[in-house]
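Quick notes on the structure that follows.
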Amino acid sequence: MIEFWVVLTGLLVGITCGIAGVFLILRKMSMIADAISHTVLFGIVMAFIITQTLNGFWMLVGAAIAGILTAYLVQLLHSSGIQEDAAIGVVFTSLFAAGVLLITLFAGNVHLDVEHVLMGEIAFVPWDRWTLFAVTMPKAVWMLLLVLLINIAFLLLFFKEMKLATFDPVYAASIGIPVVFLHYGFMTSISFTTVAAFDSVGAILVVAMLIGPSATAYLFSKTIKQMFIFSMLFGAAASIVGYYLAKYWDTSIAGMMAATVGLLFVVTLCSQKIIEHRRKTLVSKLENM
Amino acid sequence: MLSGNLLWVLVGTMLLGIAAGITGTFSFLQKQSLVGDAAAHAALPGIALAFLLTGQKELPILMIGAAITSALSVYCIQWIVSFSKMKADAAIGLVLTVFFGIGVVFLTIVNRSPIGNQSGLNNFIFGKAATMTKSDLLWLFLSATIIILVSLLLYKEWKLLIFDAVYAKGIGLPIEALKATLTVLIVMTIVTGIQAVGVILMSALLIIPAASAKLWTNKLSSMLILSAAIGGISGITGTFISAIRTGLSTGPIIVLVASTIFFVSYFISPAGQINKFRRKMQFRKQGDVR
């Protein structure tokens, strides 16, 4: 049963991030997600310092605010003439450093150590349970289900608008689609995803799961729907394979899942290259006949 | 207060800041800042693997391991960008997290092994300048000096490479070799810095001084000097503050000092917000008169 919850949590992380990651790749905002995954720490520490509790709800609020703040600050610096990569680099390292410092100063004794935030401890997930509607499930599973619902709702409501705002922002703005609102709404959902996932799997794996599966799907997908489906599949596959590999070697589950994401990408890219090469030689052979 | 060791650590982090300020400027101008971030994260698996394979925690061995995986990550990013339709940002993010994930996997194995428990490898994540020994510092001095010297030596060539690569190629400069040297130096800077600043925040030392210097000047030579100065000042001040209060990691404080300098520059520099606002007001006044 314990193993079931851990695997389920991993699966949910893979699927949720797989969905959220598609537009992230298409909108070329992968590094902003990386930045948010670091600055979420700052939001969580601030939430703790203000409320003095480790209440999941306030942490979600704090993290979401930190995520939007990150997106906003990067945008602000970028629009005032600082190149984008440097803007991202300055904002997330500063906020992350502030978060680490605040933890050592004010929250040293509570269950808020930085390594936990970074690497997570998915193996502890089953012991922290919530009962809602007479159903008892691990807290992480509840949070992830909630965020998955939010992400799906966001997509169902704004799919057409997001698509247009991603591929042709100027046209989208001209026909009255609120492009800026969508940008920040999307950033908010990314922050929610990050905070729901990081408690169980850590910030680093969140980014791997956000970028990796959708990047792998992006390699060969022809349509956006195809990309969504494969991204979810890859996310789920990486979490399951990663879990059992980690169990086999008795090492960090989150780390192993991230490594599996990388492995999936490399295998896909290489097999794509091989197929391409075969096709080319076949064509040249046919031409010579 | 200023014990002998602290003085040397201060000089060490200052040299590190200067070296990072210089190489960071070049990578900033090539729009490669975040590649440095990935390379810094990618040092972690190298450190852990070097320890696992040799069982020693001698700094040179760990540094070689870190350098190999860092360089490999930069190579992977370039390979993915040129051989697939992936954009640079996705490639950087993917490589960064995957390498760091692998690093965590190895680190967990190290921490569980009986010898690894006290290895102090965890310090490499956030850096702890205070734990540096004399021989560690010697390595830091040596490699920081090499980085600074080589950068000064190749200043003219890199300048041309960054601002007019086609012309540089035209007059017969070995472009690929120059680019590779720059990458090697950036990796060297990262590897030199991780013990003091840690793998996660090392990239800040490459990015923030350069980005701050850019706000003050548009001339490469003055930008390099400024960036080096900002890096050096951040290194010294940050280490000093973290030495006063025990239990604070050095990395975050150095970064916060640097980012304070950045945000101050962002407002008061010639290209800064206050000046911009004043100019806007002036234009508006002129408009009223008319």
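The values are calculated or read from the model by the stated rules, or taken from the named source; none is laboratory data. Source: prediction; values computed, not measured. When we count neighbours, we look across all protein chains shown, and the Cβ atoms used for this are built from the backbone with ideal geometry, even at glycine.
Before moving on, here are some points about what is shown:
- Among the residues making up the stretch B:125-180, those that are of a type outside the set (A, V, I, L, M, F, W, C) and not in a helix (DSSP H, G or I) are B:Gly127, B:Lys128, B:Thr133, B:Asp164, B:Gly172, B:Pro174.
- Residue within the stretch B:70-88 that is closer than 28 Å to A:Leu219 by Cα and of a type in the set (D, E, K, R) present: yes
- Residues that are at pLDDT below 85 and within 14 Å of chain B (Cβ to nearest Cβ) are absent from the stretch A:128-135.
- Matching residues in the stretch B:228-271 - criterion: being part of a loop (DSSP other than H, G, I, E, B), of a type outside the set (S, T, N, Q) and either surrounded by 18 or more Cβ atoms within 10 Å (Cβ to Cβ) or within 22 Å of the chain's Cα centre (by Cα) (or both): B:Leu248
- Put simply, of B:Ala196, B:Ala211 the only residue that is at the interface with chain A (Cβ under 9 Å from one of its Cβ atoms), of a type outside the set (Ser, Thr, Tyr) and buried (at least 24 other Cβ atoms within 10 Å of the Cβ) is B:Ala211.
- Residue in the stretch A:243-266 that is touching a residue at least 40 places away in the same chain (Cβ under 8 Å), touching a helix residue (DSSP H, G or I) at 6+ places or on another chain (Cβ under 6 Å), more than 9 Å from chain B (Cβ to nearest Cβ) and closer than 24 Å to A:Lys28 by Cα present: yes
- Pairs are defined by a Cβ separation below 6 Å, a sequence spacing of at least 6 or placement on different chains, a first member in the stretch B:91-102 that is more than 7 Å from chain A (Cβ to nearest Cβ), and a second member that is β-branched (Val, Ile, Thr); the pairs so defined are B:Ala91/B:Ile77; B:Ala91/B:Ile80; B:Ala91/B:Val81; B:Val95/B:Ile77.
- B:Leu121 vs. criteria at pLDDT 85 or above and within 21 Å of the chain's Cα centre (by Cα): no
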